[in-house]
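Here the structure is laid out as structure tokens; the discussion comes afterwards.
The values are calculated or read from the model by the stated rules, or taken from the named source; none is laboratory data. Quantities reported herein were computed from a predicted structural model and do not represent experimental measurements. Neighbour counts are summed over all protein chains in view; Cβ atoms, including those assigned to glycine, are modelled from backbone coordinates with ideal geometry.
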Amino acid sequence: MKGHNALHPCRFCEILGIRIEGGNIHYVPLYRPEGSIDPANLPMRSHDKFLKQGASVLEAPTNAAAERLAKDSGIKGVSLLASLNTLNFPFSFPLDFMHLIFENLIPNLVRHYTGTFKELDSGVEDYKLSGEVWSEICKAGSETGDTIPSSFGSRMPNIETERSHMTAEAWAFWSMYLAPILLRNRFSRRRYYDHFIKLVRLIHTCISFELKRSEVEGIRKGFQEWVLEYEEIFYQKNLSRMSACPVTIHGLLHIADGIEATGPVWAAWAFVMERYCGWVKRSAVRSRKHALTSIDNRVLETTQLEMAKMRYGLTKKLSLKPKRGRTSKVKFSNYPEYAMLDPKRTLAVDAALTRQLIDLIVTRCSPDSVDRKIPAAVARKYVPRQLTEWGGVQIHDTGDRANGRAHRKPESSTRDSCFVRYECLIDRNADNKGPEDLIQETFFGELQRVVQLDLPKSSELHLYQDETIVLAHIRTCNAIKNDDGFWEYTSMNHSPHFVDLKTIACVVGRVRDRGCWAFVDRSGPTAHAKMASPPSSQCSDVTGFSTSDESDSSPGSLSEGSLTSGSSPANANGSPMDLDTSSSE
Ligand SMILES: [Zn+2]
């Protein structure tokens, strides 16, 4: 291909680039005075035509003729890879989502919002944030370091003052989880925020572990609408503002083409390769004088080790990963989705805990809440003097760990993973003594302790076999859902209460925004999109990223009719995201 500044700069279609008068850079807006281009009907390239155009350049009688042909098509030859008939040009080479979105589009949107995108001001629109507001947004983002669990990703730099620290991973986390909260009600017009949120939703869909074909059509239409609106806001049908429409904006119209050809974006994105290169750079170059030999030896040695691990089932024994302090986990058969984490200790049951446990036993074991309610005196007999307390719990669905606050040293500067979202059934008629009417409600709170209550087989408690109940002791946040669907709170209940561990859905992070704490909840369609998941097994041994034990891993399931890559994801945890932490802007 001729490159992004060519007359035909797109490898997927033959759209013609146009120049600002007097300029020499080609841009590819959809709106053109002579007639706009329909994003749903782009002049797509085809495999045969692509190769034919490349061949005609190679066979041209003179250099001048070759250059002219290359200029006309944007193709300047035929790649050696064309001899592989399994490849389709250009569709086997999707645009890299990491570079396109997280290293181009999002930083460029921030430049628009801060009035630093090339020479453009807001024109007839008013999307620029004031310097004061932007500083506040950046500060709030950078202060999430302690309140967002480390499993969500690296600490967020201050975009304003530490821009060079913004990696693709940081841009991804900021745009998908922090910016929707921090940009809310910041623009002069609601439209700019809504436009940004539409993009965030599209990104979330694109990075899903699996996609249905109908969802790919949704992505296609979604980006078509988003790009049209982008042009209205930033290009404003004003040819002198054409620099707002580089080929990276046009590229969004081909994300669905790439997904259709090669699977969800994670199957081909550059995070995995970049992280591998980062690992090579950091750990394999032992000798400056013989750098290549050094890399060669290291790659060979680790590959041999990997082969031995796989062949003889010695993944754990031959692991070079540094041992973490807390590794043992205990599972209970009635809590298959959770693993209890060390340290384990004994907790003396005081009067307050006794009262709570009596209530819990009565509620849990009584066949009904009126006629056959277990008397408190009976329940009291089953409250032990001591309980087993666990340091925290790992939630199988996301792999995230929730730690009990009671186990965290007050002076600890580690990142907070004590806050959780939990779902309880609430009786709507509890106050008016009407018939039981249960609905599921969402709560957020700070996990204080995880305790184990062992109840013996007992006819008084209507228990026909011994039962172990694992309880979470939680201080509830008085959270409300705001108009944009984000949960936030300003106060918490003073006393913790017990809920069954099964009610805990996920670990959440928090961001303090304009006097409120808002929750950063990664669950839902992107629950498996880990920001700092282990890279390929070679790298995991040397980078020391936290990961669950191999025994816990379960490859992601692929449903029939879904669109996934032909090969396995980069790691065995079913996690599509393997975001690079080394690449920078
Ligand atoms: Zn195109």
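Only one residue in Arg282, Arg311, Arg298, Arg275 is touching a residue at least 40 places away in the same chain (Cβ under 8 Å), more than 22 Å from the chain's Cα centre (by Cα) and assigned to a helix (DSSP H, G or I). Which one? Can you show your working first?
Numbers: Arg311 fails: touching a residue at least 40 places away in the same chain (Cβ under 8 Å); Arg298 fails: touching a residue at least 40 places away in the same chain (Cβ under 8 Å); Arg275 fails: more than 22 Å from the chain's Cα centre (by Cα).
The conditions single out Arg282.
Restricting to the range 483-501, name every residue that is within 24 Å of the chain's Cα centre (by Cα) and in contact (Cβ under 8 Å) with a residue 24 or more places away in the chain.
Within the range 483-501, the first condition is being within 24 Å of the chain's Cα centre (by Cα), and the residues that meet it are 483-489.
If the condition is that a residue be within 24 Å of the chain's Cα centre (by Cα) and in contact (Cβ under 8 Å) with a residue 24 or more places away in the chain, then Asp484, Phe486, Trp487, Glu488, Tyr489 are the ones that fit.
Out of everything in the range 42-55 that is of a type outside the set (A, V, I, L, M, F, W, C) and away from the ligand (no atom under 16 Å from the Cβ), what residue ends up being surrounded by the fewest Cβ atoms within 10 Å (Cβ to Cβ)? Give the derivation first.
Of the residues in the range 42-55, the ones of a type outside the set (A, V, I, L, M, F, W, C) are 43, 45-49, 52-54.
Checking which are away from the ligand (no atom under 16 Å from the Cβ) leaves us with 48, 52, 54.
Details: Asp48: 9, Lys52: 13, Gly54: 21.
Applying the filter and picking the extreme gives Asp48.
Report, by residue number, each residue of the range 198-221 that is within 16 Å of the chain's Cα centre (by Cα), β-branched (Val, Ile, Thr) and within 11 Å of Ile255 (Cα to Cα).
Ile203
Assuming Glu136 fulfils every condition listed in (1) over 33 Å from the mean Cα position of the chain (by Cα); (2) away from the ligand (no atom under 16 Å from the Cβ) apart from one, which condition is it?
(1)
In this structure, is Val265 within 20 Å of the chain's Cα centre (by Cα) and farther than 17 Å from Asn108 by Cβ? Outline the logic, then answer.
On the way: within 20 Å of the chain's Cα centre (by Cα): yes; farther than 17 Å from Asn108 by Cβ: yes.
Criteria met by Val265.
Report yes if some residue within the range 261-275 is of a type in the set (A, V, I, L, M, F, W, C), in contact with a Lys or Arg (Cβ under 6 Å, 6 or more places away or on another chain), within 16 Å of the ligand (Cβ to nearest atom) and under 30 Å from Ser36 (Cβ atoms); otherwise report no. Talk me through it step by step, then tell me what you get.
So in the range 261-275, the residues of a type in the set (A, V, I, L, M, F, W, C) come out as 261, 265-273.
Subset that is in contact with a Lys or Arg (Cβ under 6 Å, 6 or more places away or on another chain): none.
No, the range 261-275 contains no residue that is of a type in the set (A, V, I, L, M, F, W, C), in contact with a Lys or Arg (Cβ under 6 Å, 6 or more places away or on another chain), within 16 Å of the ligand (Cβ to nearest atom) and under 30 Å from Ser36 (Cβ atoms).
Looking at Ser73, Ser83, Ser79, can you tell me which residue is of a type in the set (S, T, N, Q), within 16 Å of the ligand (Cβ to nearest atom) and modelled with pLDDT under 95? Explain how you work it out, then say what you get.
Details: Ser83 fails: within 16 Å of the ligand (Cβ to nearest atom); Ser79 fails: within 16 Å of the ligand (Cβ to nearest atom).
Checking each option against the conditions leaves just Ser73.
Filter the range 227-260 down to residues that are of a type in the set (Ser, Thr, Tyr) and closer than 28 Å to Thr167 by Cβ and give me whichever is farthest from the ligand (Cβ to nearest atom). Give the derivation first.
Taking the range 227-260 as the starting set, the residues that turn out to be of a type in the set (Ser, Thr, Tyr) are 230, 235, 240, 243, 248.
Filter once more, keeping what is closer than 28 Å to Thr167 by Cβ: 230, 243, 248.
Details: Tyr230: 15, Ser243: 18, Thr248: 11 Å.
For the range 227-260, the residue satisfying everything is Ser243.
Given the criteria aromatic (Phe, Trp, Tyr), closer than 30 Å to Val200 by Cβ and under 27 Å from the mean Cα position of the chain (by Cα), does Phe234 qualify? Working first, answer last.
Details: aromatic (Phe, Trp, Tyr): yes; closer than 30 Å to Val200 by Cβ: yes; under 27 Å from the mean Cα position of the chain (by Cα): no.
Answer is no for this residue.
Conditions (1) of a type in the set (S, T, N, Q); (2) under 18 Å from Ile474 (Cβ atoms); (3) free of Cβ contacts under 8 Å to residues at least 60 places away in the same chain; (4) not in a loop (DSSP other than H, G, I, E, B), marked per residue:
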{"position": "Met340", "(1), (2), (3), (4)": "no, yes, no, yes"}
{"position": "Arg355", "(1), (2), (3), (4)": "no, yes, yes, yes"}
{"position": "Val362", "(1), (2), (3), (4)": "no, no, yes, yes"}
{"position": "Asp368", "(1), (2), (3), (4)": "no, no, yes, no"}
{"position": "Ile374", "(1), (2), (3), (4)": "no, no, no, no"}
{"position": "Val383", "(1), (2), (3), (4)": "no, no, yes, no"}
{"position": "Leu387", "(1), (2), (3), (4)": "no, yes, no, yes"}
{"position": "Gly399", "(1), (2), (3), (4)": "no, no, no, no"}
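If you scan the range 435-454, which residues turn out to be out of contact with any Phe, Trp or Tyr (no Cβ under 6 Å at 6 or more places or on another chain) and over 16 Å from Cys424 (Cβ atoms)?
Initial filter on the range 435-454 (out of contact with any Phe, Trp or Tyr (no Cβ under 6 Å at 6 or more places or on another chain)): 435-442, 445, 447-449, 451-454.
Listed by number, the residues that qualify are Pro435, Gln448, Arg449, Val451, Gln452, Leu453, Asp454.
Can you tell which of Thr248, Thr293 is part of a helix (DSSP H, G or I) and within 23 Å of His4 (Cα to Cα)?
Values: Thr293 fails: within 23 Å of His4 (Cα to Cα).
From the options Thr248, Thr293, the qualifying one is Thr248.
Can you report the number of residues in the range 56-68 which are β-branched (Val, Ile, Thr) and either exposed (fewer than 14 other Cβ atoms within 10 Å of the Cβ) or in the same structural domain as Ile249 (by TED's automatic domain parsing) (or both)?
Filtering the range 56-68 down to residues β-branched (Val, Ile, Thr) leaves 57, 62.
This time we only want the ones that are either exposed (fewer than 14 other Cβ atoms within 10 Å of the Cβ) or in the same structural domain as Ile249 (by TED's automatic domain parsing) (or both), so: 62.
Residues that pass the stated criteria total 1.
Kindly indicate whether any position in the range 220-242 is within 20 Å of Ala140 (Cα to Cα), part of a helix (DSSP H, G or I), out of contact with any strand residue (DSSP E or B) (no Cβ under 7 Å at 6 or more places or on another chain) and not polar (S, T, N, Q). Before you say what the answer is, go through the steps one by one.
Of all residues in the range 220-242, those within 20 Å of Ala140 (Cα to Cα) come to none.
For the range 220-242, residues within 20 Å of Ala140 (Cα to Cα), part of a helix (DSSP H, G or I), out of contact with any strand residue (DSSP E or B) (no Cβ under 7 Å at 6 or more places or on another chain) and not polar (S, T, N, Q): absent.
With the condition kept exactly as written, say whether any residue in the range 88-102 is more than 15 Å from the ligand (Cβ to nearest atom), assigned by TED's automatic domain parsing to the domain that holds Lys198 and farther than 18 Å from Ile259 by Cα.
Looking through the range 88-102, none of the residues is more than 15 Å from the ligand (Cβ to nearest atom), assigned by TED's automatic domain parsing to the domain that holds Lys198 and farther than 18 Å from Ile259 by Cα.
Mind checking whether some residue in the range 92-110 is farther than 30 Å from Arg510 by Cα and within 20 Å of the chain's Cα centre (by Cα)? First the steps, then the outcome.
Narrowing the range 92-110 to residues farther than 30 Å from Arg510 by Cα: 92-96.
Narrowing further to those that are within 20 Å of the chain's Cα centre (by Cα): 95-96.
Checked against the condition, which is being farther than 30 Å from Arg510 by Cα and within 20 Å of the chain's Cα centre (by Cα), the range 92-110 yields at least one hit.
Just give me the residues in the range 12-26 being among the charged types (D, E, K, R) and within 16 Å of the ligand (Cβ to nearest atom), in sequence order. Before the answer, list the steps.
First, pick out the residues of the range 12-26 that are among the charged types (D, E, K, R): 14, 19, 21.
Answer for the range 12-26, where residues must be among the charged types (D, E, K, R) and within 16 Å of the ligand (Cβ to nearest atom): just Glu14.
Would you check if there is a residue in the range 30-41 being within 16 Å of the ligand (Cβ to nearest atom), loosely packed, with under 15 Cβ neighbours inside 10 Å, of a type in the set (Gly, Ala, Ser) and within 23 Å of Cys206 (Cβ to Cβ)?
Step one: of the range 30-41, the residues within 16 Å of the ligand (Cβ to nearest atom) are 30-32, 36-41.
With the extra rule that they be loosely packed, with under 15 Cβ neighbours inside 10 Å, the set shrinks to 32, 36, 38, 40-41.
Still in the list and also of a type in the set (Gly, Ala, Ser): 36, 40.
With the extra rule that they be within 23 Å of Cys206 (Cβ to Cβ), the set shrinks to 40.
Within the range 30-41, one or more residues are within 16 Å of the ligand (Cβ to nearest atom), loosely packed, with under 15 Cβ neighbours inside 10 Å, of a type in the set (Gly, Ala, Ser) and within 23 Å of Cys206 (Cβ to Cβ).
Applying the selection to the range 35-75, what residues are in contact with a helix residue (DSSP H, G or I) (Cβ under 7 Å, 6 or more places away or on another chain), part of a loop (DSSP other than H, G, I, E, B) and within 15 Å of Cys13 (Cα to Cα)?
Just the residues of the range 35-75 that are in contact with a helix residue (DSSP H, G or I) (Cβ under 7 Å, 6 or more places away or on another chain), to begin with: 39-40, 42, 51, 53, 56-57, 60, 66, 69-70, 73, 75.
Add one more test, that the residue is part of a loop (DSSP other than H, G, I, E, B), and what stays is 39-40, 42, 60, 75.
Residues satisfying the conditions are Pro39, Ala40, Leu42, Ile75.
Counting only residues that are farther than 30 Å from Cys365 by Cβ, give me the strands (runs of 3 or more DSSP E) lying completely in the range 460-518 with at least 2 of them.
Values: elements: 467-476, 487-489, 497-500, 504-507, 509-513.
Strands (runs of 3 or more DSSP E) meeting the threshold: 487-489, 509-513.
Among the candidates Arg355, Arg345, single out the residue that is of a type in the set (Lys, Arg), over 23 Å from Ala505 (Cβ atoms) and not assigned by TED's automatic domain parsing to the domain that holds Arg421. So that I can check it myself, show each step before the final result.
Details: Arg355 fails: not assigned by TED's automatic domain parsing to the domain that holds Arg421.
None of the others qualify; the one that does is Arg345.
Confirm whether Glu143 is touching a residue at least 60 places away in the same chain (Cβ under 8 Å), part of a helix (DSSP H, G or I) and of a type in the set (D, E, K, R). Give the steps one after another, and end with the answer.
Values: touching a residue at least 60 places away in the same chain (Cβ under 8 Å): yes; part of a helix (DSSP H, G or I): yes; of a type in the set (D, E, K, R): yes.
Spelling it out, Glu143 is indeed touching a residue at least 60 places away in the same chain (Cβ under 8 Å), part of a helix (DSSP H, G or I) and of a type in the set (D, E, K, R).
Quick one: would you say Val216 is touching a residue at least 24 places away in the same chain (Cβ under 8 Å) and within 21 Å of Pro90 (Cβ to Cβ)?
Numbers: touching a residue at least 24 places away in the same chain (Cβ under 8 Å): yes; within 21 Å of Pro90 (Cβ to Cβ): yes.
For Val216, the condition - touching a residue at least 24 places away in the same chain (Cβ under 8 Å) and within 21 Å of Pro90 (Cβ to Cβ) - is met.
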